[in-house]
2 protein chains.
Amino acid sequence: VPGLSGKIIGRLVRYRRSLHAFPSAGRTHIYSHEIAETLVIADSQVRRDLRTLGTRGTPSRGYEILGLLRDLDRILKPAAAHAVAVVGAGRLGRALMATLHSSPTDMRISCAFDVNPVKCDRIHAGIKCHRVEALEQVVAQERITIAILCVPAAAAQGVAERLVRAGVRGILDFSSAPLSLPKTIALDEIDINIKLAKLAYLSLHPPEDRRNGRRA
Amino acid sequence: VPGLSGKIIGRLVRYRRSLHAFPSAGRTHIYSHEIAETLVIADSQVRRDLRTLGTRGTPSRGYEILGLLRDLDRILKPAAAHAVAVVGAGRLGRALMATLHSSPTDMRISCAFDVNPVKCDRIHAGIKCHRVEALEQVVAQERITIAILCVPAAAAQGVAERLVRAGVRGILDFSSAPLSLPKTIALDEIDINIKLAKLAYLSLHPPEDRRNGRRA
């Protein structure tokens, strides 16, 4: 199913999590309002998203759990084919490696890279750290397609370009640097300071539509 | 200036950063296209955002740098009044404390909380860690209004409710748990697994409008 937005993909991951956590106890079906309540979202949103997948439920029985999981896996499982590298094994990079290594995910965290030789050629949180000089070679060998960028802002653009040339198709950027990359590369960023600035502003000025019951 | 969206606040933070980093060298004015190039965004977007602030530039000279900084500060500086707590001093929580402590930000990272007594009553990365039992008392004393939630998913809802009752107005949630909180509370979340799932999908299915030059 091509053409889905990042937002719907995010919700599909949550639907799958909630199904895995659902105490089935012999039940074969689940209602959209049960999924919605667990995830604190609107019932109508769940039904709309599942209709987009082509999954059909009935008002009397709801959705068949196994069929729904199969439909979700069809879209989300190719993620398992992606190998992920963490670039920059500083404090944040190592914390992410540990978090991802211990959390259930479809992604294979393949390895890490760092400029500091002291951190390299050893294992952090079960993940091998290579010298950044070997980036091109290791990315190709391990078929890495997704990178988590935890390098200092000044190094980010250069490292990102090397990753893309080596075959990476998606980058999650923690560096706070504005990256300029080919439009075909999927790029997302996490900037904690910006997140906090937004929260600070929005906590002082709650938007009208949130007051009326919708999240911003 | 009330009524601004989270998106524009994010860009205003970036504009201010780019002004601080701009090699002024005796210059008093800056053009919107100079800001836009540094941040890899559209010139027209910069001009539209600055018009929203009420900041005026001229085609011949651009924007006066000091005046622009003053207008940005007027909106973003109240953030300095916010004290931030990190709740959950595990690996990720401690990495965030270290990152935030060393990065330039308007926010004051006030303290941390943890359930594990071994981690408490000591300093991590320059930040005091309290026992979670003292949460209500410390949040009130230190006038903490923003919390970064790094607790396990199973504990998140309970801790979030305690924070809100104690006076917190905004929560940045790293727990992956769906939180149900009053609508007036500003809530944002960072779920790395969901970010990676989106990148995996979008790197295989680049959206049409990104192919045509726009970011998703």
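The values are calculated or read from the model by the stated rules, or taken from the named source; none is laboratory data. As the structure is a computational prediction, the values presented were derived from the model and not from experiment. Positions of Cβ are backbone-derived with ideal geometry, glycine not excepted, and every protein chain shown enters the neighbour counts. What goes into the accessible areas is simple: the full protein's heavy atoms, side chains included, and nothing from ligands, DNA or RNA. Shrake-Rupley method; radii C 1.70, N 1.55, O 1.52, S 1.80 Å.
Here are the numbers for this structure:
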| item | result |
| --- | --- |
| Spacing of the two label points (7 Å from each Cα toward its C-beta) at B:His101 and B:Arg165, in nm | 3.1 nm |
| Teacher prompt: A:His33 distances to equivalent labels in other copies, 7 Å Cα→Cβ, nm | 5.8 |
| Selected from B:Arg16, B:Arg122, B:Arg61 as most flexible by GNM, with chain B as the system and alpha-carbon contacts under 10 Å | B:Arg61 |
| Value of relative contact order over region A:99-216, rounded to a whole percent, pairs C-alpha under 8 Å and six or more apart | 16 percent |
| Flagged links, alpha-carbon separation over 26 Å, of A:Lys77/A:Lys119; A:Lys119/B:Lys128; A:Lys7/B:Lys77; A:Lys7/A:Lys198; A:Lys183/B:Lys183 | A:Lys77/A:Lys119; A:Lys119/B:Lys128; A:Lys7/B:Lys77; A:Lys183/B:Lys183 |
| Chain B, helix-only ellipticity at 222 nm - DSSP H runs n ≥ 4, -39,500 (n - 2.57), divided by all residues, nearest 500 | -13500 deg cm²/dmol |
| Region B:6-49, relative contact order [Cα under 8 Å, separation at least 6], % | 36 percent |
| Region B:1-119: relative contact order in percent, alpha carbon pairs under 8 Å with at least 6 residues between | 21 percent |
| Simple label model, 7 Å out from Cα along Cβ direction - A:Glu136 to B:Ala81, nm | 5.4 nm |
| Distances in nm from B:Leu204 to the matching label points in the other copies, shortest first (labels 7 Å along Cα to Cβ) | 4.5 |
| Axis-nearest residue of B (beta carbon) for the B-onto-A rotation, whole Å | B:Ala95, 2 |
| Region A:102-197: C-alpha gyration tensor shape, a/c 1.5 cut-off, then a/b vs b/c | rounded |
| Label point 7 Å beyond Cα along the C-beta direction, distances from B:Ala153 to other copies (nm, shortest first) | 3.4 |
| Percent carbon-and-sulfur accessible area, the protein assembly as shown, ignoring ligands, DNA and RNA, probe 1.4 Å | 53 percent |
| Dipole of the protein assembly as shown [Lys/Arg +1, Asp/Glu -1 at C-beta], most positive-end residue of A:Ala155, B:Val118, B:Gly26 | B:Gly26 |
| Beta bridge orientation in region B:66-216: antiparallel %, DSSP, nearest 5 | 10 percent |
| Compactness of chain B - radius of gyration and Dmax, Cα, Å | 20.2, 62 |
| Residues in region B:1-21 that a label on B:Leu69 would reach, taking backbone N under 17 Å of a point 7 Å out along Cα→Cβ | B:12-21 |
| Accessible-area order (highest first, 1.4 angstrom probe) of the listed residues B:Phe113, B:Phe174 | B:Phe174, B:Phe113 |
| Cα gyration tensor category, rounded, prolate or oblate, for region B:38-84 with a/c compared to 1.5 | prolate |
| Cα-based shape type of the protein assembly as shown, given that a ≥ b ≥ c are square roots of the gyration tensor eigenvalues and the cut on a/c is 1.5 | rounded |
